[in-house]
Amino acid sequence: MVDNLRIVQIGFNRAGTSSIADFLRRAGFAVVDHRFDLGRYKGQFAALVIEENIREKRAPLFGLDAWNGFTDLEYLDEKKSVYAQYWFREIAHAHPETKFILNLRYKEDWLKSRRNFGGYLKTCAKALAVPEAEVTRIWSAQWDAHIEAVKHDIPSDRLLILDIDSPDERALNRFVGSLKFLRLRQKNKAPRGPLSKILSHFTPQPVRFVFPQPFRNWLKNY
């Protein structure tokens with residue numbers, strides 16, 4: 001890890017955020033993943049802390065010097081949704097020591113993952129005040145607009161575009177300045193192919209975990 005470097009993941013949730021948080025921790029970063037688990041902000045959502053800083057005309061990461069890794073910067077309830085990754089320009093300007101990971105995955109898998117994630121679809125519909133049938137279209141437009149904006153506005157030396165479906169682990173290690181080569185342990189990769197979907201449905205979980213995770217992730221493409 002490079003001294004004074006801070007890494008902010010600015011893609012969406014349900015696209016490898018837990019895997020990125022795990023990687024950064026193993027690379028030596030102090031990571032807040034969605035919610036703070038210690039310190040003065042313990043239990044609070046990172047997205048809401050950043051939102052308050054911006055609202056009060058402070059630097060986005062003001063008061064967060066104890067952390068140098070930030071992942072899953074989203075908050076959702078039935079009344080509001082906050083996507084702190086949308087403030088990447090403000091973060092980049094106020095914190096020149098910061099670099100960004102734009103995490104991507106196959107878009108249709110991402111949309112499906114969000115739709116199937118507990119009551120996420122219903123809660124998001126209420127927060128947006130739209131019918132549930134409209135939410136997927138909104139998510140899709142948000143995905144396209146955000147990715148285009150990040151690619152346009154963040155210089156290449158401060159941005160790593162990380163495809164979770166086929167991650168370039170060497171590029172990831174170089175980007176964060178890891179002192180040793182680390183694998184990206186993909187914890188929640190969804191089956192994409194017909195064979196993997198059948199195996200996932202009929203194979204008992206204890207049997208699945210007999211095989212190493214890199215093999216399981218590779219198999220999920222088929």
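Annotations for the structure displayed:
- Meets criteria (basic (Lys, Arg) and open to solvent by less than 70 Å² (accessible area, probe 1.4 Å)) for Arg105: yes
- Residues that are open to solvent by 60 Å² or more (accessible area, probe 1.4 Å), part of a helix (DSSP H, G or I) and either among the small types (Gly, Ala, Ser) or in contact with a Gly (Cβ under 6 Å, 6 or more places away or on another chain) (or both) within segment 125-144 comprise just one, Ala133.
- Scanning segment 7-22 for residues that are surrounded by fewer than 21 Cβ atoms within 10 Å (Cβ to Cβ) and assigned to a strand (DSSP E or B) yields nothing.
- When segment 107-142 is filtered for residues that are touching a strand residue (DSSP E or B) at 6+ places or on another chain (Cβ under 9 Å) and either closer than 30 Å to Ala59 by Cβ or hydroxyl-bearing (Ser, Thr, Tyr) (or both), the ones remaining, listed by number, are Tyr120, Thr123, Cys124, Ala127, Leu128, Gln142.
- The one condition from (1) farther than 29 Å from Glu108 by Cα; (2) modelled with pLDDT of 95 or more; (3) acidic (Asp, Glu) that Asp37 does not meet is (2).
- Any hit, segment 28-36, residues being open to solvent by 10 Å² or more (accessible area, probe 1.4 Å), part of a strand (DSSP E or B), among the hydrophobic types (A, V, I, L, M, F, W, C) and under 26 Å from Arg114 (Cβ atoms): yes
- Contact map, segment 47-68: residues that are surrounded by fewer than 16 Cβ atoms within 10 Å (Cβ to Cβ) paired with residues that are in a helix (DSSP H, G or I), Cβ distance under 6 Å, separation 6+ or inter-chain. Pairs shown: Ala59/Ala94.
- Tyr75 being in contact with a Phe, Trp or Tyr (Cβ under 7 Å, 6 or more places away or on another chain), among the hydroxyl-bearing types (Ser, Thr, Tyr) and without any contact (Cβ under 8 Å) to a residue 60 or more places away in the chain: yes
- Residue selected from segment 83-124 under the condition assigned to a loop (DSSP other than H, G, I, E, B) and over 18 Å from Glu51 (Cα atoms), by the criterion nearest to the chain's Cα centre (by Cα): Arg105
The values are calculated or read from the model by the stated rules, or taken from the named source; none is laboratory data. All values reported here derive from a predicted model rather than from experimental measurement. Don't worry about glycine lacking a Cβ; one is built from the backbone with ideal geometry, like all the others, and counts go over all protein chains shown. SASA here: full protein model, heavy atoms, side chains in, ligands and nucleic acids out. Shrake-Rupley method; radii C 1.70, N 1.55, O 1.52, S 1.80 Å.
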